[in-house]
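Here's the structure, in structure tokens; my notes come after.
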Amino acid sequence: MNLLQILLLGLSLGAIYSLIALGFVVIYKGTKVVNLAQGSLLLFGAYVVSLLSPALGFWLAAAAGIAAGAIAAVIIQFIVGAAKTQDHLVMTIMTIGVDIVAVALLAQQIQANIFGMNDPWGDGLIEIGGASISQARVAAMVTAIVLITMFFLVFRYTTFGIKMRAAASDSETSALMGISQRRVAIASWAIGGGLAVVGGIFLAAYPNIGLDSHSHFLAMNAVPAIIIGGMDSSEGAIFGGLIVGFTQAIVLGNSQFFAAVVGDGFVNAAPYVLMILVLLLKPNGLFGAKEVNRV
């Protein structure tokens, strides 16, 4: 695999992981909960797209799937928020239980089948300087750029964005100023769920074989991204996603070398190895805010 091929693969994977990682960070910034049920949201939304796309067409099905993922995320937020505790660690652990139950139910429906997205790009390829990239991955990069740009514009320059930033910065003070923490939480989870589904659609598209009952594990590749970038940093989620994407691309591009040194399957472990190295040097991630304790 030549250098340009690795670059294109890293950019395309990084764009997808950035979207999923941004979903994690939005939820965390809004509620201080790490939603480890993002994988089941990805699987559910993409499954809805695959079911509806033959009848509705890809674009309407994609909109329905993203909406379904957002609604499902809000339902999870209600379940987690119903806990008689304000301990965010307990709430995070609850999302693991929700994820296991949701994935088990979805696996019963999907079984051993592999579902396509019926997307308009199909298995088309684009040749660039002796390297090739699927049209679906190009669409993923363009979509990521558009959505991430929209997110930052809304987050920084609209009233809604100001409320979100205020709640993320100081929830108690923002509540005293009349900002509804409930609305912020609902919006955060809805955005996070929708972004997970967008990432899932492109992860299931070519060159991957499609959506199966194990596709939810792909969302876990975004976990090193948010840790590397910093749990409370939207910018960190983007850079963390790109770092993970390039890490996997480099391993895939030199698969024979890594197979000889550490064995097969290192491509999935490599981001976590990098995550550990970053945490040893920067416990808050590359862009995470340092916690200040007053004594």
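Structural remarks
- Where the Cα pairs of the chain fall when distances are cut into 5 Å bins, in %: 1, 6, 11, 16, 18, 17, 14, 9, 5, 2, 1, 0, 0
- When each of T149, T31, T92 is scored by the number of other beta-carbon atoms lying within 10 Å, the sequence from fewest to most is T149, T92, T31.
- Distribution of pairwise C-alpha distances over region 39-144, 5 Å bins, in %: 2, 11, 16, 18, 16, 13, 11, 7, 4, 2, 1, 0
- Going from the fewest other Cβ atoms within 10 Å to the most, the residues D87, D212, D99 appear in the order D87, D212, D99.
- Computed [θ] at 222 nm, deg cm²/dmol, the chain (DSSP H ≥ 4; -39,500 (n - 2.57); rounded to nearest 500): -24000 deg cm²/dmol
- Cα-based convex hull volume of region 103-225 per residue, rounded to whole Å³: 154
- Cα gyration tensor shape for region 188-284, rounded if a/c is under 1.5, else prolate or oblate: oblate
- Lysine pairs meeting the criterion (Cα under 21 Å, 8 or more apart or interchain), as found in the chain: 9
Every number in this text was worked out from the coordinates using simple rules, so none of it is lab data. Keep in mind that this is a model prediction, so the values were computed, not measured. Positions of Cβ are generated from backbone atoms using ideal geometry, with glycine treated the same way; all protein chains shown enter the neighbour counts.
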